[in-house]
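Structure record follows, encoded as structure tokens.
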Amino acid sequence: MKSVGINTFQAVEHNDPLSVATSKGIFCIVQDEFTADEIGDDPLAVGLFAYDECDMGLGCGGDDTDTNLANMHLQVVGLRQRNDGRFINANYSKGVLESYWALGTMDDFMAVVDVASVDNYAYTSPDTGYAITQSQYWPIGTPTMRSATYGWLVDRMRAFQTEPGNKPNWMFVETAMPFLNDDGARTISPEEIEGACWSAIIHEARGIMFFQHNNDGVNGGYSLVECSAERKELIRASNAKITSLAPIINTQSYEWDFGPDTDTMLKAWNGSAYIFAEIALATEPGGRTFTLPSSIPGRLVDVVDEGRTIEVKDGAFSDAFPHEYTHHVYRIAL
């Protein structure tokens, strides 16, 4: 996994010693199957995993939302009693849709842990897509098999935080067909994986998680490890770009409306402004125009890693977004 740019293993199972992963330089978020003595002082064992999809009653054993939440609290209390300084992580799912699961409790689920992730595999699961459309916050008639859906899911996470982003939010992206039996289930493409990642980041996700388990009969059971060399290289290159831009992504964002039908994130780093951009949810591919704030006086836009520039005219510039998953990163001198 490290060869494609993965640096963290979430929910490590008690099959092998932890050192099997950490000795290869992989950070680990460890399940409670590992005792404190087994984890020891391994510096790459950085977090403890509470439950997976407890908001839907999976893994935590409750019969209703209140019991699920109570069990989550008990699990977190037990993990914190280890007093080892490691952060507590949980993965959630459809509770963020606020349609059926975890009604009235999702803010508590988010608050009880230090870092939350969410999985809703919009690109590949028609059943998940239908569930998303049942959320009162989903734009009626909008297709769900879009990169922008993953950014919308980050917004849903942030909606349950008293101060959005006061704790890191991570987004899951599937890497093939994530153990699906839905009618119409499909395999996500590398371009869609990349688009979903950037949509989540633009909406302030601070971590990308990959679900690599797969049953499409083409990309192996572990799709990041067993897929074709060509597919693996595309995923590696996408992850490498995220990693290279991480020092910028992890700085404070600035609020600015660049214009209609775009989703953007604005950063400043080492004398340049960076604009991370994709098309907005419920819009179609095509041209987009970005109007710059007066604090960005540069006259030439460098399109990062694309080998081209765009001229700024009358305080604005335009670019093409030919696919729903197209995204660009722009750098402009300050």
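Details
- The chain: antiparallel DSSP beta bridges as a percent of all, rounded to 5: 55 percent
- The chain: angle of helix 65-80 to the longest principal axis, Cα-based, in degrees nearest 10: 80 degrees
- Contour excess over end-to-end distance, with Cα ends at Gln81 and Asn15 and 0.36 nm allotted per residue: 21.4 nm
- Under 30 Å of direct C-alpha separation, and excluding same-chain neighbours fewer than eight residues apart, Lys167 reaches these lysines: Lys2, Lys24, Lys94, Lys241, Lys267.
- Across the chain: Cys residues that no other cysteine approaches within a C-beta distance under 4.7 Å: Cys28, Cys197, Cys227
- Cα-based helix-to-principal-axis angle, 229-249 vs the chain, degrees rounded to 10: 80 degrees
- Helical mean residue ellipticity (222 nm; -39500 (n - 2.57) per DSSP H run of 4+; nearest 500) of the chain: -8000 deg cm²/dmol
- Counted charge near Pro260, where neighbours are those whose Cβ lies closer than 14 Å (Asp, Glu -1; Lys, Arg +1): -4
- The aspartates and glutamates whose alpha-carbon is closer than 18 Å to the alpha-carbon of Lys232, local same-chain residues fewer than 8 away aside, are Glu174, Glu191, Glu192, Glu194, Asp216.
- Extension gain, Asp41-Thr133: 0.36 nm per intervening residue step, less the Cα-Cα distance, totals 28.6 nm.
- Nearest-ten-degree value, helix 148-159 long axis tilted from longest Cα axis of the chain: 60 degrees
- Ordering of 282-288, 172-178 by packing [mean C-beta count within 10 Å, highest first]: 172-178, 282-288
- Full extension of the chain segment joining Asn270 with Leu334 gains 22.1 nm, where the gain is 0.36 nm per residue of separation less the Cα-Cα distance.
- Loop-located chymotrypsin sites (Phe, Trp or Tyr not before Pro) across the stretch 106-160 with a Cβ neighbour count of 13 or fewer within 10 Å are Tyr137, with loop assigned by DSSP.
- For the stretch 124-146, the residues whose amide N sits under 12 Å from a probe point set 7 Å from the Cα of Arg186 along the beta carbon direction are 124-126, 144-146.
- Proximal charge balance of Asn181 [Cβ under 13 Å; K/R count +1, D/E count -1]: -3
FYI, it's all coordinate maths here, none of it is from the lab. Values in this document were obtained by computation on a predicted structure and should not be read as measured data. Counting neighbours? That spans all protein chains shown, and the Cβs are built from the backbone with ideal geometry, glycine included.
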